[in-house]
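Worksheet: the structure to be examined is printed underneath.
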Amino acid sequence: MPPSKVVRSATRQLHRDAVIRALRLQGAASRRDLQEATGLSRSTISSIVNELMAEGEVERCSAARTGRGRPVELIRVVEDAQRTWLGIEFSHGSVHVVLVQGDNQVRAQACRSYTGETTWSDRFAIASEVLARETPSEVAVSGVGIGFPSSAVMRGEDLITRGQEGALELIREVAAQVGQRYRAAVSVDNNVRLAGLAEMLWQTEAQPENQIYARVSDGIGGALVCNGQLVTGQSGFGGEIGHLTVEADGVRCRCGKRGCLETVASASAIIRRCRQGGAQVAGIEDVAQAYHQGRRVAVEAVTEAGQALGKVLGRVCVLIDPARIVLAGTVVSALPHLVDVVRDQVGLELLPVNQVLPRTVHARLGEDAGALGAALMAMSATRLRYPILIPDRSVN
Ligand SMILES: [Zn+2]
């Protein structure tokens, strides 16, 4: 399979935006109206309208008769509420798929598990099976978002990833295959960041402009939303709160540093601390049971984890002054009391001069948050100014 190619130039994107803007302003317009409104040539308008029609962005509507000539075809933007977006999240242990309609209704959702040893080509084969079952052929997909557990992010027309060896080729290939299948633009980002985006956008009445999202599971990932925008960073590492140092000479982290938050507050770190203290715990549920029974070793490990998490989140609060902290992941689900420990610790870290304590809450979305975020990213691709990766459609 040849790699995907970014074929939409910045100029082309500007022209497309101009056409859509003109259609939104006029409601419906002929190709000639669009020429006048945008100043673009007849051939450019014609090719952009054909492209947008093929993508399901615009549609023909009733033709208007001008004088005695033949009717002029009018074009309009397809109503967002009738359109469908696809979100796919590849995490370390499963793939989640959701189909979201423009009115924020989830039309279909599915999940399949795999193991950490499953190869990426097998993961994609599993995802393809799920997609074939959940997306009937009559469903026209307007855009696709894909979340990966790496530092994937797009900058201009480049897809950047520093996550894993060979990840760039893999992500490009998966994006190209999905894009070809649905004939839709594909956007890519880190899966935890997308989950944070979903928590901010999904059916809330008052969306906070500034939010910290932390997913505490086997690892710790995070997402920062500042002034309504996801912070991706220069190379896709924006929001990686799990790798802020909390113990100067602590345990070696999988990232190569020592004493990262992840080495103290992740599920594996809490389990390790309990075992070192003599507790026989197999998983985080056992830790939760020991904690609720008041076993000292579990109470200490969980409290230390919560305080470390609160210290890190509190420092980030000093930097970005968020309205809300959202805690997600298997550790928080097993130990909901962590939310209170974190809230108290954050309070100690804030500026004593009237900095407002952010609301610290448990995530509202479940396991499919990353897939929902991926669909929402695809929906808001132009509004949030996410660059869009267009797989090469000439390749079959
Ligand atoms: Zn680390």
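Structure values in brief
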{"item": "Fraction of antiparallel bridges per DSSP, the stretch 207-363 only, in percent to nearest 5", "result": "55"}
{"item": "Per-bin percent of Cα-Cα distances, the stretch 10-78 [10 Å]", "result": "22, 58, 18, 2, 0"}
{"item": "Debye log10 I(q)/I(0) at q = 0.06, 0.12 Å⁻¹ for the chain, Cα point scatterers", "result": "-0.28, -0.95"}
{"item": "Among beta bridges that DSSP assigns inside the chain, antiparallel share in %, nearest 5", "result": "60"}
{"item": "FRET efficiency, 1/(1 + (r/R0)^6) with R0 41 Å, evaluated for Q289 and R112 via beta carbons", "result": "0.90"}
{"item": "Geometric extent, Cα atoms of the stretch 207-363 - Rg, Dmax (angstrom)", "result": "15.2, 46"}
{"item": "Under the span-like rule (Cα at least 27 Å along the axis, Kyte-Doolittle mean at least 0.0), DSSP H helices of the chain", "result": "296-320"}
{"item": "Heavy-atom surface of the chain, accessible at 1.4 Å and reported per residue (Å²)", "result": "47"}
{"item": "Within the chain, helix-based [θ] at 222 nm, where runs of 4 or more DSSP H residues each add -39,500 (n - 2.57), nearest 500", "result": "-12000 deg cm²/dmol"}
{"item": "Positive minus negative residues near A279 (Lys, Arg vs Asp, Glu; Cβ under 15 Å)", "result": "+1"}
{"item": "Under-5 Å amide H pairs with T360, H placed in peptide plane, nonlocal only", "result": "I325"}
{"item": "Between the stretch 331-379 and the stretch 22-42, the alpha-carbon center distance in angstrom", "result": "45"}
{"item": "P(r) histogram, all alpha-carbon pairs of the stretch 193-256 included - 5 Å bins from 0, percent", "result": "4, 16, 25, 21, 14, 10, 5, 3, 1"}
{"item": "Residue range of the chain that is longest and free of GluC sites (Glu not before Pro) which are both DSSP loop and sparsely packed (at most 10 other C-beta within 10 Å)", "result": "206-396"}
{"item": "Rel. contact order, % - alpha carbon contacts under 8 angstrom, at least six apart, the chain", "result": "19"}
{"item": "GNM top mover of R60, R272, R324 - the chain, alpha-carbon springs below 10 Å", "result": "R60"}
{"item": "Local net charge near T44, Cβ-Cβ under 12 Å (Lys/Arg +1, Asp/Glu -1)", "result": "+3"}
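The values are calculated or read from the model by the stated rules, or taken from the named source; none is laboratory data. Source: prediction; values computed, not measured. Ideal geometry is used to build each Cβ from the backbone, glycine not excepted, and the neighbour counts take in all protein chains shown. Note: accessible area is taken over every heavy atom of the protein model, side chains too, but ligands, DNA and RNA are not part of it. Shrake-Rupley method; radii C 1.70, N 1.55, O 1.52, S 1.80 Å.
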